[in-house]
Amino acid sequence: MVSCNRGAVVSNVRCIGAGYVGGPTSAVMALKCPKVQFTVVDIDSKRIDAWNSDNLPVYEAGLDDIVRARRGVNLIFSTDIDNAILDADIIMIAINTPSMEKDDRLGAAADLRGIKQCIQRIAQVARHYKIIVERSTVPCRTGDIISNILRENCHPGVNFDVLSNPEFLSEGSAIRDLLYPDRVIIGGLDGTEGAQNVLRSIYSRWVPEERIVTMGLWSSELAKLASNAMLAQRVSSINSISAVCEAVGADITEVARGCGLDARIGSQFLQASVGFGGTCFHKDILSLIWLSESLGLRDVAEYWDQVLKMNESQMCRFVRRIMNEVEGSLEGTRIAVLGFAFKSGTGDARNTPATQICNQLLRQGANLFIYDPKVPDEQIRDNLAGELDSRESQLHICHNAYDAIAGSQIIAILTAWKEFQAIDWVKAHSQMIQPAYVFDGHRLLDGLSLERLGFHYASVGTPSKGGSKYPNHILE
Ligand SMILES: NC(=O)c1ccc[n+]([C@@H]2O[C@H](COP(=O)([O-])OP(=O)(O)OC[C@H]3O[C@@H](n4cnc5c(N)ncnc54)[C@H](O)[C@@H]3O)[C@@H](O)[C@H]2O)c1
């Protein structure tokens with residue numbers, strides 16, 4: 001039970017959607033509010049079974065310990081959605097909002113069907129007042145859609161307040177982000193101040209007051225889309241400069257440092273890579289493009305579209321670079337792919353750059369030996385299924401880095417897992433076909449040391465030895 005400063009009492013918080021957001025968020029809340037009962041429900045019974053097992057469906061450092069401590073105490077995972085709705089004081093909606101089919105010019109609207117279905121159910125089942133909290137990333141003014149569905153379908157006399165409370169966690173550091181958030185945004189329309197205070201009273205158990213920010217509902221919804229768009233834009237910006245670095249002989253780490261020391265720019269999120277992935281950046285930019293186009297803001301839509309194009313081009317450039325440096329066909333070449341998750345610290349491979357890069361390498365006839373410490377084998381196979389029809393024999397999934405490396409001629413680092421830094425590179429070199437290449441998509445390794453061992457080393461954002469293509473005429 002949590003009392004807020006207006007005297008309202010919260011005993012039961014429910015979360016609909018037991019995914020990467022719903023599970024970890026509810027677990028951290030349950031940890032910090034031991035007197036409140038949290039129930040996480042989902043239509044996917046396999047996912048709920050996994051949350052109730054020792055093999056959680058989401059990998060995040062620290063998550064297992066929290067779930068183990070709170071599960072069965074004040075944290076329950078269940079498929080009984082109606083019962084969860086009935087006694088809830090607060091219902092958080094953390095359902096996936098994937099992109100609808102993409103239109104080349106218009107971007108793609110977010111698919112809100114899951115959210116609408118679940119709001120309909122809440123309206124039909126609820127018998128007393130509830131606070132409905134949007135935790136999913138949704139287009140601006142989704143709050144209107146939710147309020148209308150509730151109003152049109154609820155039992156007489158049952159009222160709701162709708163709030164927006166977007167989640168800003170980053171996969172790979174989700175628990176840290178939830179425990180120490182930069183900010184918690186609570187958005188609501190005029191008249192929902194009481195409900196905003198109730199939600200604030202939950203967060204104030206562990207988040208400093210100055211970090212809990214209230215604002216209008218539409219601003220809160222848009223702040224989440226805009227944050228993701230700006231983060232993705234930063235990745236594309238530094239990656240665009242990495243292409244210039246490779247051509248002129250500059251070093252992207254030095255350039256990023258030179259930029260990041262300017263306090264207005266800041267140093268975070270300036271690491272060049274093979275590009276961004278995951279479920280959020282791409283879909284949220286598509287949603288922003290859709291919104292902008294729908295509002296007749298063509299220039300705005302085109303501006304954000306370019307961030308996506310840059311990301312695609314970075315992945316293609318990585319494959320082209322492998323082909324250029326090896327100077328020959330990749331047909332039959334054995335490549336050790338180290339890392340498949342869209343980033344380190346997570347087993348999530350949804351929309352990972354590795355899918356596109358591996359597909360292109362398979363198309364070139366390469367034999368891929370893929371190792372990722374956390375991504376399940378079947379996920380890797382699912383991601384590459386489209387390309388595999390006639391190429392099944394080119395794909396091999398390994399369960400440690402050395403199995404992937406031994407007998408390969410090329411290593412491609414596609415996820416920045418720290419454990420790759422601890423590889424015994426002398427041993428690795430001795431087991432590879434010569435000349436041995438390392439293509440480092442995350443600037444994770446010490447290139448000089450590898451070159452001393454005899455590797456050809458190339459990383460995103462630095463030209464290979466003798467590889468700068470600076471054309472003299474530019475200075476003439
Ligand atoms: N993954 C992230 O890092 C992250 C971070 C911030 C925000 N978000 C946003 O949060 C939302 C959820 O993301 P996620 O990664 O947790 O998604 P997810 O796919 O991992 O989980 C969503 C869950 O919702 C369930 N679901 C779908 N429809 C349902 C329904 N009608 N009733 C009950 N359950 C239903 C699905 O079965 C699934 O288990 C998305 O809008 C996403 O953009 C994600």
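Tell me the label-point distance for the pair ASP49, ARG205, using the 7 Å Cα-to-Cβ offset, in nm and rounded to one decimal.
3.1
Debye calculation, C-alpha points only, no solvent: report log10 I(q)/I(0) for the range 323-434 at q = 0.16 Å⁻¹, in the same order as the q values.
For the range 323-434, the Cα-only Debye profile gives -0.67.
How compact is the range 181-337 by the rule of thumb for globular proteins, expressed as Cα Rg over 2.2 N^0.38 Å?
On the way: Rg = 20.6 Å, N = 157, 2.2 N^0.38 = 15.0 Å.
With N residues counted in the range 181-337, Rg over 2.2 N^0.38 Å equals 1.37.
Please report the relative contact order for the range 1-103, taking Cα pairs under 8 Å with a sequence separation of at least 6, and give it as a percent rounded to a whole number.
Details: 165 pairs, mean separation 39.4, N = 103.
It comes to 38 percent, rounded to a whole number.
Along the Cα→Cβ direction, 7 angstrom out, place labels at ASP403 and GLU254. What is the inter-label distance in nm?
4.2
Leaving ligands, DNA and RNA out of it, report the carbon-plus-sulfur percent of the accessible area of the chain at a 1.4 Å probe.
Working: 10760 of 21270 Å².
Reported share for carbon and sulfur atoms: 51 percent.
Fully extended, how many nm does the chain gain between LEU297 and GLU312 (0.36 nm per residue separation, minus their Cα-Cα distance)? All intermediate terms of the calculation are to be shown ahead of the outcome.
Details: separation 15, 0.36 × 15 = 5.40 nm, distance 2.34 nm.
Gain in length upon complete extension: 3.1 nm.
How big is D, in µm² s⁻¹, for the chain by Stokes-Einstein at 25 °C and 0.890 mPa s if Rh is the Kirkwood radius over C-alpha pairs?
D = 102 µm²/s.
Estimate the FRET efficiency between MET323 and LEU448 by the formula 1/(1 + (r/R0)^6), using the beta-carbon distance for r and 25 Å for R0, to the nearest 0.05.
Values: r = 24 Å, r/R0 = 0.97.
The value I calculate is 0.55.
In square angstrom, what is the accessible area per residue of the chain with a 1.4 angstrom probe? Don't jump to the answer; show the numbers that get you there.
Details: 21270 Å² over 476 residues.
I get 45 Å² per residue for this part.
Looking at the calculated P(r) for the range 105-201, what percent of the C-alpha pair distances fall above 16 Å? Numbers along the way, then the final one.
Working: 2867 of 4656 pairs.
Above the 16 Å cut-off, the range 105-201 has 62 percent of its Cα pairs.
Where in the range 99-174 are there chymotrypsin sites (Phe, Trp or Tyr not before Pro) that are in a DSSP coil and have at most 14 other Cβ atoms within 10 angstrom of their Cβ?
Passing both the DSSP loop test and the Cβ count: TYR129.
Principal axes first, then extents: for the Cα atoms of the range 2-215, list largest minus smallest coordinate on each axis, whole Å, largest first.
Extents along the principal axes: 49, 42, 35 Å.
Looking at the chain, what % of its DSSP beta bridges pair antiparallel, to the nearest 5? Spell out each step's value before the answer.
Numbers: 6 of 53 bridges.
Taking every DSSP beta bridge within the chain, about 10 percent pair in antiparallel fashion.
How large is the Kirkwood hydrodynamic radius of the range 233-459, counting all unique pairs of alpha carbons, in Å? All intermediate terms of the calculation are to be shown ahead of the outcome.
Numbers: mean 1/r = 0.0546 Å⁻¹.
The Cα-based Kirkwood calculation yields 18.3 Å.
Debye calculation, C-alpha points only, no solvent: report log10 I(q)/I(0) for the range 295-367 at q = 0.14, 0.19, 0.21, 0.27 Å⁻¹, in the same order as the q values.
Log10 I(q)/I(0), no solvent term: -0.57, -0.85, -0.95, -1.22.
With a 1.4 Å probe and all protein chains kept in place, how do ASP49, ASP89 rank by accessible area, largest first? The partial results should precede the final answer.
Working: ASP49 100, ASP89 40 Å².
Largest accessible area first, the list is ASP49, ASP89.
The values are calculated or read from the model by the stated rules, or taken from the named source; none is laboratory data. Everything quoted here is computed from the prediction, not taken from an experiment. As a convention, Cβ positions derive from the backbone with ideal geometry for all residues, glycine included, and neighbour counts pool all protein chains shown. Heads up: the accessible areas ignore ligands, DNA and RNA and are worked out on the full protein's heavy atoms, side chains in. Shrake-Rupley method; radii C 1.70, N 1.55, O 1.52, S 1.80 Å.
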